[in-house]
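The values are calculated or read from the model by the stated rules, or taken from the named source; none is laboratory data. Fair warning: this is a prediction, and the values are worked out from it, not measured in the lab. Cβ: placed from backbone, ideal geometry, glycine included. Neighbour counts: every protein chain shown. For the accessible areas, the whole protein counts, side chains as well, though only heavy atoms, and no ligand, DNA or RNA atoms are used. Shrake-Rupley method; radii C 1.70, N 1.55, O 1.52, S 1.80 Å.
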Amino acid sequence: MSGRHSIRNEGARVAPPVPDSTAGVALAVPNRERMAYLTHLAGRLPAGLSASYSYRGHEIVMHVVAVAAVGNRTNALPVAAVTVGCRYARGAWWFVGGDDRAPFAAANNLREAATVIVRELNDQIRQREAVR
């Protein structure tokens, strides 16, 4: 191990992205760290939210969907959704909004990130109910 995660005089350091490689060809955008942070974030989301993953611009993103049961639990309709990305900027990993790419929480602060996502979903639901 290279020891790049070790603690030095200036404190703990976040590892920079490690290039991914497929069949000896390096990918332009590393996705290993993104997937790790996004799956850990999905594990911190409350029940009733569904997370799925896809690629947007060669980067893995996570789609978080709030569903409401209709009739029975096997029939669920989406009522609100957000897309979350993960970017390496200014020497750290950040969760970013899917549309505007604005950072909203440090990737190692899962509690704050989950709170922001739940707040955004609740805002969407309230806006939807106000239109009805």
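Points worth noting:
- Arg73 vs. criteria at pLDDT below 90 and either open to solvent by 40 Å² or more (accessible area, probe 1.4 Å) or in a loop (DSSP other than H, G, I, E, B) (or both): yes
- Condition met for Ala113 (aliphatic (A, V, I, L, M), out of contact with any Asp or Glu (no Cβ under 6 Å at 6 or more places or on another chain) and modelled with pLDDT under 95): no
- Scope region 95-111; condition assigned to a helix (DSSP H, G or I) and open to solvent by 80 Å² or more (accessible area, probe 1.4 Å); matching residues: Arg111
- Selection count where residues are surrounded by 13 or more Cβ atoms within 10 Å (Cβ to Cβ) and either aliphatic (A, V, I, L, M) or touching a residue at least 60 places away in the same chain (Cβ under 8 Å) (or both), scope region 112-132: 7
- When the criteria are applied in full, Val82 fails the requirement of being open to solvent by less than 40 Å² (accessible area, probe 1.4 Å), closer than 29 Å to Glu129 by Cα, at pLDDT 90 or above and in contact with a Cys (Cβ under 9 Å, 6 or more places away or on another chain).
- Filter result for Ala105 (touching a residue at least 40 places away in the same chain (Cβ under 8 Å) and within 19 Å of His63 (Cβ to Cβ)): no
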